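The values are calculated or read from the model by the stated rules, or taken from the named source; none is laboratory data. No experiment lies behind these values; they were computed from the predicted model shown. Positions of Cβ are generated from backbone atoms using ideal geometry, with glycine treated the same way; all protein chains shown enter the neighbour counts. Surface accessibility is based on the protein's heavy atoms, side chains included, excluding ligands, DNA and RNA. Shrake-Rupley method; radii C 1.70, N 1.55, O 1.52, S 1.80 Å.
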Amino acid sequence: MLDGKIALITGSTSGIGAGIAQHLAQQGAQVIINGFGEQSVIDTQLAELSEASGRAAQYYGADMSKPAQIRRMIADIQNDHGPIEILVNNAGIQHVAPIEDFPDEKWDAIIAINLNSAFHCTKAVIGPMKQAGWGRIVNIASAHSISASPFKSAYVAAKHAIMGLTKTVALEVAEAGVTVNAVSPGYVLTPLVAAQIPDTAAARGISEEAVKRDVLLAAQPTREFVEITDVACAVGFLCSGAGKAITGTNISMDGGWTAK
Ligand code: NAD
């Protein structure tokens, strides 16, 4: 159980991040969510999280592409609620295009949100974690941290790079009671994946059904999407006491994709 542990999950108003927030709340963590969305929807999510946890969940709306906003958010959370004990770097976006057409601004945004935000969050929370002698950092990477797919240059570059960050920080804090790991899902049918199906169909000149069958699930030997709750439970395990010896590693949850 994560009784009262203060847990920040970036990009948690949707998809995998929302599922991780729900699972950590069920384990008793005081959950802090972040991401974009309608205020009324966020209020409903906060009420559900608070009920699950028994502790008031909070929302901080920093834009994870803006380092100054990230630093301010972490400082505000630590002032308002105390040191962050669990950090899940989950915020991420995708863009699918051949390299010669890949928009510069999409490259910059993906590197900023999927990679640089994890650096800025980690840098801001690591001091208090070391001081407390306990901390958990989990980076939501991807099967694309190990394998590449065409037309996803920025995403694959960011996800490969986040493994370098994961391993390096794990070594730096190994004696301080702080673990740093990545979880690497295959395809999970969230809004991020649903949104790239039309672009992939256009880039490859095939139907959307064919993208699901022949592109997405073709990569996964199980031929099944990974469930959000599977990813959330893996994060929960890494955050538990039983996860204390696991650090600097990448836990694949990809239905066998990267076994090939
Ligand atoms: P999603 O689109 O459902 O959710 C993304 C979340 O990030 C949302 O809450 C959104 O508001 C937030 N976000 C986006 N830009 C932001 C910004 N600038 N500042 C703050 N928040 C921002 O996506 P998802 O599929 O749940 O993806 C979550 C993570 O899991 C990503 O890092 C993604 O790369 C990774 N992942 C997803 C899959 C998959 O198949 N869905 C597979 C492997 C890894």
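Starting from region 1-17, keep only residues that are more than 15 Å from Ala234 (Cα to Cα) and touching a residue at least 12 places away in the same chain (Cβ under 8 Å), then list their pairs with residues that are in a loop (DSSP other than H, G, I, E, B) and among the hydroxyl-bearing types (Ser, Thr, Tyr) whose Cβ atoms are within a distance under 6 Å, requiring at least 6 positions of separation or different chains.
Gly15/Thr190
Here is a yes/no grid of residues against (1) more than 15 Å from the chain's Cα centre (by Cα); (2) open to solvent by less than 30 Å² (accessible area, probe 1.4 Å); (3) more than 7 Å from the ligand (Cβ to nearest atom); (4) more than 18 Å from Val215 (Cα to Cα):
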position: Ala157; (1), (2), (3), (4): yes, no, yes, yes
position: Leu165; (1), (2), (3), (4): no, no, yes, yes
position: Ala170; (1), (2), (3), (4): yes, yes, yes, yes
position: Tyr187; (1), (2), (3), (4): no, yes, no, no
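Provide a single number: the residues in region 214-258 that are touching a helix residue (DSSP H, G or I) at 6+ places or on another chain (Cβ under 8 Å), closer than 25 Å to Val31 by Cβ and charged (D, E, K, R).
0
Quick check on my filter: what residues within region 2-20 are within 6 Å of the ligand (Cβ to nearest atom) and either open to solvent by 10 Å² or more (accessible area, probe 1.4 Å) or at pLDDT below 95 (or both)?
Answer for region 2-20, where residues must be within 6 Å of the ligand (Cβ to nearest atom) and either open to solvent by 10 Å² or more (accessible area, probe 1.4 Å) or at pLDDT below 95 (or both): Gly11, Thr13, Ser14, Gly15, Ile16.
Looking at Phe119, Phe102, which one is open to solvent by less than 40 Å² (accessible area, probe 1.4 Å) and either at pLDDT 95 or above or more than 20 Å from the chain's Cα centre (by Cα) (or both)? If you could, list the steps in order and put the result at the bottom.
On the way: Phe119 fails: open to solvent by less than 40 Å² (accessible area, probe 1.4 Å).
When all the criteria are applied, what remains is Phe102.
Tell me, which residue of region 239-250 that is among the hydrophobic types (A, V, I, L, M, F, W, C) and either touching a Phe, Trp or Tyr at 6+ places or on another chain (Cβ under 9 Å) or in a helix (DSSP H, G or I) (or both) is surrounded by the most Cβ atoms within 10 Å (Cβ to Cβ)? Show your work before the answer.
Here is the first cut: in region 239-250, the residues among the hydrophobic types (A, V, I, L, M, F, W, C) are 239, 242, 245-246.
Pick out the ones that are also either touching a Phe, Trp or Tyr at 6+ places or on another chain (Cβ under 9 Å) or in a helix (DSSP H, G or I) (or both) and you get 239, 242, 246.
Values: Cys239: 26, Ala242: 9, Ile246: 14.
If we take residues in region 239-250 being among the hydrophobic types (A, V, I, L, M, F, W, C) and either touching a Phe, Trp or Tyr at 6+ places or on another chain (Cβ under 9 Å) or in a helix (DSSP H, G or I) (or both), then Cys239 is surrounded by the most Cβ atoms within 10 Å (Cβ to Cβ).
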